């Protein structure tokens, strides 16, 4: 799990950002590292992805923000620690698969 947090005023909504990471390419993940935390930031896009991907709580929050005309009034944070751990695990997995492939092709 890669922890994400949507912040609307004093309210906090937690969500799992891992599904976004699983479908993202390197450039999208790289942009996330440098993109800030507002609505138009890469982190905001991760939260919107989670809402569209079935997170009912986030979907209701975004719908409420849209109804009140405050769709841009939130911040989003993605756990840097979780993201780095996920990336390291994927790197190790890729290296293992490459090693297996090299050994079976001999």
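Read the figures in this text as sums done on the coordinates, not as results from a lab. Note that the structure is a prediction, hence the values are computed from the model and not measured. Backbone-built Cβ (ideal geometry, glycine too); neighbour counts: all protein chains shown.
Mind counting the residues in region 47-61 that are more than 13 Å from residue 74 (Cα to Cα), in contact with a helix residue (DSSP H, G or I) (Cβ under 8 Å, 6 or more places away or on another chain) and touching a residue at least 40 places away in the same chain (Cβ under 8 Å)?
1
Of everything in region 42-59, what is loosely packed, with under 15 Cβ neighbours inside 10 Å and within 14 Å of residue 14 (Cβ to Cβ)? Give them in sequence order.
56, 57
Restricting to region 49-70, name every residue that is in a loop (DSSP other than H, G, I, E, B) and within 19 Å of the chain's Cα centre (by Cα).
53, 54, 55
Do we have residue 74 as more than 14 Å from the chain's Cα centre (by Cα), without any contact (Cβ under 8 Å) to a residue 24 or more places away in the chain and buried (at least 18 other Cβ atoms within 10 Å of the Cβ) here?
Taking the combined requirement at face value, the residue does not satisfy it.
Which of the residues that make up region 1-22 are touching a residue at least 12 places away in the same chain (Cβ under 8 Å), under 15 Å from residue 90 (Cβ atoms) and exposed (fewer than 15 other Cβ atoms within 10 Å of the Cβ)?
Of everything in region 1-22, just one residue is touching a residue at least 12 places away in the same chain (Cβ under 8 Å), under 15 Å from residue 90 (Cβ atoms) and exposed (fewer than 15 other Cβ atoms within 10 Å of the Cβ), namely 1.
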